[in-house]
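I have placed the structure first, in the form of structure tokens, so that the comments after it can refer back to it.
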Amino acid sequence: MREYLLTLCVTAAVTYLLTGPVRKFAIVAGAMPEIRARDVHREPTPRLGGIAMFFGLCAGLLVADHLANLNQVFEKSNEPRALLSGAALIWLIGVLDDKFEIDALIKLGAQMIAAGVMVMQGLTILWLPIPGVGTVALTQWQGTLLTVALVVITINAVNFVDGLDGLAAGMVCIASAAFFMYAYRIWYSYGIEAAAPATLFAAVLMGMCVGFLPHNMHPARIFMGDSGSMLIGLVLAAGAISVTGQVDPDVMKLFSGSERNAVHQMVPVYIPLLMPLTIIAIPAADLILAIVRRTWRGQSPFAADRGHLHHRLLEIGHSHSRAVLIMYFWSALIAFGALAYSVNSASMWIVLGVVFLSAVGLVLLLLPRFTPRAPRWAEAFVPPRYRRRRAASAPEAAEGAGGAVDAGSVESGDDEPRTPVPVGVSGGPGVPGVNGATALGARSRVPRG
């Protein structure tokens, strides 16, 4: 555990220290797209944060290679080298896209090639534990297709959710923390060395996100861009592929005892099938809803709109920071709920806890609809959004008519008024072909007026 924590800390430190110089480089290189109609930030912000994250990944793997215990991961498995090869390719494509806006088909092809590179070096799904059937061995073609599909879906799901400051990095960090605990349990409790690479990948991924988040929290000083979002999506998928397709369920010796006990004991084996889905549950749901919504309107599935889940939270009335925290909450609930169930699937307290926290999450979602108003005597001790509106006098209204901020935007917790854009509208007539934070579309810039 100490070596994993050391690897995490080194990755986080390198990512954090390099993000500042990378930001200056992005400004000099002109990697600062103009504000688009669907964006929620107010000022052009440099991208290319994925450069710092990639070097953090390299530093973490380099340190792990020189540690006494983690060095065995590199000696007994080729998966770390496979991950680094695929990550380098997808990161390079992301950097070029952040600067020059590469075509959607080229990015899709690069994602598939990166997955193919990892498959060629041994990072692939070899078998699947199917409930009621047992372990099913996959052919080479079946394993390759399933691996490529999982990599592409995960990359684009993570990229779709990268719409608010700190959202994608925070959600992936939470998911990778749950995944680290799950993989470490398989490696340490069951003594299965095949789970060590997935544990290492999760630790490095946490370090990348933790090191980048201080620069990316609202108000963000730099965005990770496609170079970062596709990179962390690839690392996330690599960990899921490693622990799902490389760990033999028969080694865990869970088929002894009665049939009922075997079913409960097999839950840790079935969880690898569900864990990748729980990790990207919210981004995947956003991805599916976006494709259905745009196709139903006769638009391209990759045409940008303002209908993503985080956009809807803002329209409900949540502030930027609160919307991000709500998404964090649901990500943690799904990921750690699945983790707790894998540890003890027979406990009713786990189910009741998940149900209770889900109810709390629903209350938080609807909080702007029931915003309480503090009494007059307590208004000095609460945030402005909880104070009652006071009618301004005529001189005050005349004085503030030139630059007054709309009261609704102040009470919603925003620092500045936001120009409303209807849900599902893609950029308006003046911005044809605008594409949002997706890994498969070009980001057309708003023409200067």
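Brief remarks follow.
- Whole-Hz ³J(HN,Hα) from phi, Karplus 6.51 cos²θ - 1.76 cosθ + 1.60, for segment 213-230, glycine and proline x: 4, x, 8, 10, 5, 5, x, 5, 8, 7, 9, 6, x, 5, 5, x, 5, 5
- Rg then Dmax, both in Å and based on the Cα atoms of segment 1-120: 16.9, 52.
- Amide H to amide H distances under 5 Å link W127 with L138, where only residues 5 or more positions off or on other chains count and H is placed in the peptide plane.
- Seen through its C-alpha gyration tensor, with square-root eigenvalues sorted a ≥ b ≥ c, segment 137-202 comes out oblate because a/c lies at 1.5 or above while a/b is not bigger than b/c.
- Taking I102, I153, I90 and ordering them by how much accessible surface each has at a 1.4 Å probe, largest first, produces I153, I102, I90.
- Based on C-alpha pairs under 8 angstrom that are at least 6 apart in sequence, segment 1-117 has a relative contact order of 27 percent.
- Taking amide H as placed 1.01 Å from N in the peptide plane, M224 has its amide H under 5 Å from the amide H of G49, each at least 5 places away in sequence or on another chain.
- Close amide H pairs (under 5 Å, H built 1.01 Å from N) link I102 with D97, residues at least 5 positions away or on another chain.
- Global geometry of segment 59-100, whether rounded, prolate or oblate, following the gyration tensor of its Cα atoms and the 1.5 cut on a/c: oblate
- Each residue was assigned an accessible area with a 1.4 Å probe, and for M208 the value is about 0 Å².
- Evaluating 6.51 cos²θ - 1.76 cosθ + 1.60 at θ = phi - 60° for every residue in segment 79-91, the Karplus couplings come out as 5, x, 5, 5, 4, 5, 5, x, 5, 4, 5, 5, 5 Hz, glycine and proline recorded as x.
- Per-residue accessible area (protein heavy atoms, 1.4 Å probe) orders V73, V363 as V363, V73, starting from the largest.
- If the chain linking R185 and W141 were pulled fully straight, counting 0.36 nm for each residue of separation and taking away their Cα-Cα distance, it would gain 12.8 nm.
The values are calculated or read from the model by the stated rules, or taken from the named source; none is laboratory data. These numbers were taken from a predicted model, which means no experiment stands behind them. Accessible surface areas use protein heavy atoms only, side chains included; no ligands, DNA or RNA. Shrake-Rupley method; radii C 1.70, N 1.55, O 1.52, S 1.80 Å.
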